[in-house]
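Just below is one structure, and these are the notes that go with it.
The values are calculated or read from the model by the stated rules, or taken from the named source; none is laboratory data. All values reported here derive from a predicted model rather than from experimental measurement. With ideal geometry, Cβ positions are generated from the backbone for all residues, glycine too; neighbour counts draw on all protein chains shown.
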Amino acid sequence: MQQTPIPAPHAALKSVDPNFSGVWPIDLSLSQRSHWVGNYFEDIGLDDPLAELWDEFAESWDDLEEDRFMADGGKYRRRRFSEFRYNVKTDTLRVLKHLPFFQSADLNTLNGGVDRKFSPVTPYIASHPITAAMIRQHAQVFARVTGHDRWAINFHQVRITALADMTGKPAPEGMHKDGVTFTTLFCIQRKNTAGAENLMFDNDKQPIFSTTLQRAGDIVIFEDDAFYHDVTPMTPANPNEAAQRDMLFIEFTRC
Ligand SMILES: [Fe+2]
């Protein structure tokens, strides 16, 4: 069996066994602990032809549109959203006809209960080989862990901006669940940002661990049913410049 070294345990993640080797560490973590923290490029990675496309993929976060469905009136969030289906067994990936994004008011107490008409990801990103590679890689892990082949995927590109006089709120709804099977939080880039710490809680809302996604590819994957999650507000580290946090959220639900 091919063995992959387990990634260095995150300082705040006490549950990782650094001596383990045997199966892919993401599979192990998700099957036994329901979460995994690491860096995508160091621990999963893109093959060479795709790695060369990373910069243009990341630059697409410059082309997001204002989120006009912020019940707090916030102007700090820009985004695009599309929905995909992927079948691991047949390796079939398709993007769905664009529809509004809906969460119940129970799930999202701030912005839920209404159809939110976000702009779709551009055709360029919907058909980008990195988009496909990431969806495939994650779904293949989830298929190994759960034995389930068919996945509905919400693909969210999100940018939070903060200024000296405008705090950015990565999770304005506060502690919450996404209402999916697995969620991946993927850092595209983070500039001049103080705060924005990811907080994970158990189902009794007791804190389990926290981590700050700093570098491109820093990633948290978790089973939504096992946790509540939240992100602290963010401000500019240097108040004379804007803070910017670009994230990709990929949510997977069995279908
Ligand atoms: Fe969330």
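See the values below:
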{"quantity": "Unique match (being more than 16 Å from the ligand (Cβ to nearest atom), among the β-branched types (Val, Ile, Thr) and under 24 Å from residue 225 (Cβ atoms)) among 130, 125, 135, 153", "calculated": "135"}
{"quantity": "Selected residue (only one of 24, 36, 54 is in contact with a Ser or Thr (Cβ under 6 Å, 6 or more places away or on another chain) and modelled with pLDDT of 90 or more)", "calculated": "36"}
{"quantity": "Positions within segment 204-248 being in a loop (DSSP other than H, G, I, E, B), surrounded by fewer than 17 Cβ atoms within 10 Å (Cβ to Cβ) and within 15 Å of the ligand (Cβ to nearest atom), in sequence order", "calculated": "205, 232"}
{"quantity": "Filter result (among the charged types (D, E, K, R), assigned to a strand (DSSP E or B) and either within 12 Å of the chain's Cα centre (by Cα) or surrounded by fewer than 18 Cβ atoms within 10 Å (Cβ to Cβ) (or both)) within segment 186-203", "calculated": "191"}
{"quantity": "Qualifying residue in segment 102-116 (condition: surrounded by fewer than 18 Cβ atoms within 10 Å (Cβ to Cβ), part of a loop (DSSP other than H, G, I, E, B) and aromatic (Phe, Trp, Tyr))", "calculated": "yes"}
{"quantity": "Residue within segment 175-185 that is over 26 Å from residue 60 (Cβ atoms) and over 16 Å from the mean Cα position of the chain (by Cα) present", "calculated": "no"}
{"quantity": "Residue list for segment 123-143, filter: outside any helix (DSSP H, G or I) and in contact (Cβ under 8 Å) with a residue 60 or more places away in the chain", "calculated": "128"}
{"quantity": "First in segment 187-213 and under 29 Å from residue 238 (Cβ atoms) and in contact (Cβ under 8 Å) with a residue 40 or more places away in the chain, second anywhere and buried (at least 17 other Cβ atoms within 10 Å of the Cβ) and of a type in the set (D, E, K, R), Cβ under 7 Å, 6 or more apart", "calculated": "187/218; 188/246; 189/246; 190/245; 193/245; 196/245"}
{"quantity": "Selected residue (criterion: farthest from the ligand (Cβ to nearest atom)) from residues of segment 160-186 that are among the aliphatic types (A, V, I, L, M) and in contact (Cβ under 8 Å) with a residue 60 or more places away in the chain", "calculated": "164"}
{"quantity": "Evaluation of residue 146 against (1) within 14 Å of residue 251 (Cβ to Cβ); (2) more than 16 Å from the ligand (Cβ to nearest atom); (3) of a type in the set (Ser, Thr, Tyr) (one fails), failing number", "calculated": "(1)"}
{"quantity": "Matching entry among 168, 174 (being surrounded by fewer than 20 Cβ atoms within 10 Å (Cβ to Cβ) and small (Gly, Ala, Ser))", "calculated": "174"}
{"quantity": "Condition broken by residue 230, with the remaining ones in (1) more than 14 Å from residue 171 (Cβ to Cβ); (2) in contact (Cβ under 8 Å) with a residue 24 or more places away in the chain satisfied", "calculated": "(1)"}
